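The values are calculated or read from the model by the stated rules, or taken from the named source; none is laboratory data. Predicted, not measured: the structure shown is a model, and the values here were computed from it. Every residue, glycine among them, receives a Cβ derived from its backbone with ideal geometry; neighbour counts consider all protein chains shown. Heads up: the accessible areas ignore ligands, DNA and RNA and are worked out on the full protein's heavy atoms, side chains in. Shrake-Rupley method; radii C 1.70, N 1.55, O 1.52, S 1.80 Å.
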Amino acid sequence: MKNKIFLVSAAAALFLAACAMNNGVSSEQIGLRKANLNNENSVILSDINYSGLGAGESALLERAFENAPPLISHNLDGMLPITKESNSCLTCHDKAIASDVGAIAAPASHYYDFWKNKPTGDMISEIRYNCTQCHVAQSDAKPLVGNTFKAEFKNEASKKKSNLLDVMNEGVK
């Protein structure tokens with residue numbers, strides 16, 4: 001078994017080395033941004049406009065697929081940076097507060113420690129404090145590549161609400 005792994009690794013290394021020596025394709029031709037990958041000075045950023053609406057003023061977009069992290073529907077002015085000690089998102093999205101302020105509560109999966117396999121009670125899991133790691137602000141950015149994916153949801157509720165913790169082990173024996 002070790003010999004097979006070594007042979008596959010060696011073949012992959014040789015392949016990558018051969019690709020690196022091929023000077024037939026420039027870095028400007030292989031990436032989506034069409035700029036030299038070794039020099040950030042020539043990169044031209046797209047003109048993207050994020051939602052200027054405040055919390056509670058904008059319409060929510062449907063999730064991209066079942067249990068996908070929803071997009072942030074409002075601007076983030078004054079809310080960044082998000083740290084373990086200071087998370088402005090939880091002033092509205094904490095499960096104890098959300099219904100009172102008309103916000104969507106963080107789902108049960110955010111109150112579960114997957115490392116220890118147990119609920120965290122009323123405290124958000126320590127690996128879930130960095131909201132913008134999964135959730136991004138809505139923008140008018142144009143797709144760089146075409147996408148024909150059409151999401152299929154099990155029911156209407158799953159278009160707007162996560163049940164990830166309930167289905168995490170679905171199909172696992």
Legend entry - Label assignment, Rg/Rh (Cα atoms, Kirkwood Rh) derived from the structure, set [x] 0.93; [y] 1.07; [z] 0.96: [y]
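At most 10 other Cβ atoms within 10 Å and a DSSP loop assignment: could you name the GluC sites (Glu not before Pro) in segment 22-114 that fit?
On the way: sites: 28, 40, 57, 62, 66, 85; in loops: 57, 62, 66, 85.
Qualifying residues, ordered by number: 85.
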Legend entry - CD proxy at 222 nm, helix term only [per DSSP H run n ≥ 4: -39500 (n - 2.57); per residue of the chain; nearest 500]: -5500 deg cm²/dmol
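Hey, got a sec? Which chymotrypsin sites (Phe, Trp or Tyr not before Pro) in segment 46-133 land in a DSSP loop and have at most 15 other Cβ atoms within 10 Å?
Details: sites: 50, 65, 111, 112, 114, 115, 129; in loops: 65, 114, 115, 129.
Of the chymotrypsin sites (Phe, Trp or Tyr not before Pro), the ones in loops of segment 46-133 whose Cβ has at most 15 other Cβ atoms within 10 Å are 65, 114, 115.
Roughly how many percent of the accessible protein surface of segment 70-173 is carbon and sulfur, given a 1.4 Å probe and a whole-percent answer?
Details: 4200 of 7690 Å².
Result for segment 70-173: 55 percent of the exposed heavy-atom area is carbon or sulfur.
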Inset, instruction - With r as the distance between the Cβ atoms of residue 86 and residue 161 and R0 = 25 Å, compute the FRET efficiency 1/(1 + (r/R0)^6) and round to 0.05. - result: 0.40
Legend entry - Inter-label distance for residue 64 and residue 41, nm, one decimal - labels placed 7 Å from Cα along Cα-to-Cβ: 3.4 nm
Inset, instruction - May I ask you to give the solvent-accessible area per residue for segment 77-136, in square angstrom, as obtained with a 1.4 angstrom probe? - result: 67 Å²
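Just list whichever of 2/173; 34/150; 34/142; 118/150; 118/161 have alpha carbons separated by over 26 Å in the model shown. Provide the component values of the computation, followed by the final result.
Working: 2/173 29 Å; 34/150 28 Å; 34/142 16 Å; 118/150 34 Å; 118/161 21 Å.
The pairs that break the limit, which is 26 Å between Cα atoms, are 2/173; 34/150; 118/150.
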